[in-house]
Structures are given as C-alpha cells and as structure tokens.
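K.L.:
Right, I'll just put the structure down here and ask away after.
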Amino acid sequence: MKVLVLPDWAAQFCDSVRQRHPEIDIVIPGSESNITAHIGDVEVLFGYPTSEQFDIAASLKWIQTLDAGMEGLFTAVPQVADSDVIVTNARGAGAPMIGEHALAMMFALARQFPRFWGDKSNSRWDQDGALGHVEYLGDKTVGIIGLGKSGRETAWRCKAMGMKVIAVDREPVDGDLSVEFVWTLDRLDDLLKASDYVVVTAPFSAASANMIGKREFEIMRNSARLVVTSRGRVFDNAALAEALKNGTIAGAALDSVYPEPLPSDSELWDVPNLIITPHIAGNAERVMLDRRTFEIFEQNLGRYIGGQPLLNVVDKVKQY
C-alpha cells in the first residue's frame, strides 16, 4: 500500500509509522512534480491535493485532512464530494487550545482587558471608572453552539469557573457532565435569550452560513457577548458591527472572520468592544498541534489497515 504524505513537517513523525507498518510505502514528495509522479497509484493521502492531482489519483481511497474545517477541500476539489474516496479530518487536534482561547476571550471581555490596554497606552489610571465595568464570570451562563470536541473543551473549562453551561447542536450528541442542557438547534433562540456569553464552535457549512445575524443579536441580552472560535462565515459581519455600535450586545471576540485576512478597510477594525485574533485559537507551540494532527492520522491508518471504522469521517453531503 502506498501512502502519500504531503506536508513537509510530517516527515519527523513518519519513522515511527514505518517501524510499526514496514509493509507500507510512505512517500514524502517535497515538490509538486514529485506529487504528480507518485499520486497515480496512491491509496492513502495525508494533506490536501489540488483538483488536478485528485483527478489523476486513480487508486486513491482515503484522504486524511489536516484541519477540522472542510470548506477548503470541498472548494478546491469539489469533485471529491461525488467520489467514492473517504474523507476524514483532524477534528479535535486543536480542541484543547480552542477551549483555552475561548475562555481567555471571555476573561478579556469580562475583565475589560482591551480597555486597560488602552489606558496603559495613554498612561491613564482610572480605577473609579473601571469599577463599574469589570465583571465576574463565575455566576454567568454560557451558551455553546456546537457541542463537538472544541465545544466540550470549552464547556468543562467554563464549568470549572462556576459558570452554568448550556448548549445546542445540529446533530444528536451525547450529554456531558459539564453541560446542564443540550438542546437541538431549533432551541437556538432559547439559548440566545438565556446566555451571558454565546460561544460558537460549530463548523461552517452551507446550513450554518450567517446563522448569527441581526435577528439573533436582537434576541440576545444587551449585556451579552459573542465569542467565535470556529469560522467567520457563521455570523453576519455587518449585523455584528451594527449590534456593537448600537449597544444591542455588549461585546464580541472573534478568532475567525470572513474573509481572511480581514481587509484593512473592514468596519470591524473600528467597532467598539470587539477583540480580534488572527485565527490562532487552535494553535500552541507549533510542534504540539502538528503532533496531535499526525496522531489522528496515525491512529486512523492503523484502523484502515485493520479494516476498522475510521475516526472523524466527513459527511460529504453536509461537508463536515
């Protein structure tokens, strides 16, 4: 069996796979020309092929991608959706880091860190003015949209802070000791009404595009904050900007926007009470995320060889 490993960084992890499975021919091409030379008889691919490469991969049966989000693959290689090729993703590789990042954003909003950073830049000590703005997280309710691996990593951290945790999910999901209620998506409005913080960890798909817009912001409490750690296309940029300017909601923190990079003339740069980080919630020390991503592939490779069901299989109709 021939396995094509596209990212150069994965080379450091391949020796252990070769030792465990000496019968596998693992190829790290290192160049586009080498990919073309090898991909014709490859059975397994780790990484992202181009549309042209996919078309000549006559023996390809399984693609393991490097991320949780799948819009990149289905946009670049739309024909994969109608093929017999199995697609799995790296869902969960960055989940612990995303949980930390979500909580950090909530702390920053509750404790008004952006305000104090501005005060520091202006050599301003404003204790009296600040006392009316800082908040305590421990008695707040957080509503999580999407109780997958990132949602669960966020949930238990919030629960540990003393917060009440509720959630909705498009798919049937098992309960979680950290979560008081897990509702279906038709109760999204109930979650929005009840939450002091709304954390979106749901994947992007055609069904979730702009799922948080003007109507949803008007349902949220005026004191509520939005935190997005999944994809920028799940909320409406213009509606968020309007909600923050008008005080419809109290604040927001975004790790992902649309488009990315966020254009320099985007109104989001100038709206009040908004924190933006450059889509790094799932990252930590680089080798950590790389290792966790490769470990998912390595575990799946063992399952594939043994004829067991693969983990993180992507529904090619739903595209997540």
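K.L.:
For residues in segment 123-140 being under 35 Å from the mean Cα position of the chain (by Cα) and of a type outside the set (A, V, I, L, M), which is farthest from Lys159 (Cα to Cα)?
P.N.:
Taking segment 123-140 and keeping what is under 35 Å from the mean Cα position of the chain (by Cα), we get 130-140.
Among the residues that remain, those that are also of a type outside the set (A, V, I, L, M) are: 132-133, 135-136, 138-140.
Working: Gly132: 25, His133: 23, Glu135: 17, Tyr136: 14, Gly138: 9, Asp139: 10, Lys140: 10 Å.
Per the criteria, the residue is Gly132.
K.L.:
Within segment 303-320, take every residue that is in a helix (DSSP H, G or I) and free of Cβ contacts under 8 Å to residues at least 24 places away in the same chain and give me the one that is farthest from Asp82 (Cα to Cα).
P.N.:
Within segment 303-320, the subset in a helix (DSSP H, G or I) is 303-306.
Then drop every residue that is not free of Cβ contacts under 8 Å to residues at least 24 places away in the same chain, which leaves 303, 306.
Details: Arg303: 24, Gly306: 26 Å.
Within segment 303-320, the match that is farthest from Asp82 (Cα to Cα) is Gly306.
K.L.:
Has segment 200-213 got at least one residue that is assigned to a helix (DSSP H, G or I) and either touching a Lys or Arg at 6+ places or on another chain (Cβ under 6 Å) or closer than 18 Å to Ala108 by Cβ (or both)?
P.N.:
No, every residue in segment 200-213 fails to be assigned to a helix (DSSP H, G or I) and either touching a Lys or Arg at 6+ places or on another chain (Cβ under 6 Å) or closer than 18 Å to Ala108 by Cβ (or both).
K.L.:
Within segment 167-197, which residues are outside any strand (DSSP E or B) and within 20 Å of Asn210 (Cα to Cα)? Step through it out loud before you land on a result.
P.N.:
Looking only at segment 167-197, we keep the residues that are outside any strand (DSSP E or B), and these are 170-180, 185-196.
Passing the criteria: Arg170, Glu171, Leu185, Asp186, Arg187, Leu188, Asp189, Asp190, Leu191, Leu192, Lys193, Ser195.
K.L.:
On to the next question. Looking at Gln319, Gln299, which is the one that is under 21 Å from Ser208 (Cα atoms) and either of a type outside the set (D, E, K, R) or outside the structural domain of Ala243 (by TED's automatic domain parsing) (or both)?
P.N.:
Details: Gln299 fails: under 21 Å from Ser208 (Cα atoms).
Answer to the check: Gln319.
K.L.:
Let me ask something else about it. Looking at the structure I just gave you, is Leu268 in contact with a Leu (Cβ under 8 Å, 6 or more places away or on another chain), hydrophobic (A, V, I, L, M, F, W, C), closer than 30 Å to Lys193 by Cα and not in a loop (DSSP other than H, G, I, E, B)?
P.N.:
yes
K.L.:
Here is a follow-up. Name, by its number, the condition in (1) under 20 Å from the mean Cα position of the chain (by Cα); (2) in a strand (DSSP E or B) that does not hold for Glu153.
P.N.:
For Glu153, the failing item is (2).
The values are calculated or read from the model by the stated rules, or taken from the named source; none is laboratory data. Small disclaimer: the values here were computed from a predicted structure and weren't measured. Please note: Cβ atoms are built from the backbone with ideal geometry, for glycine as well, and neighbour counts cover all protein chains shown.
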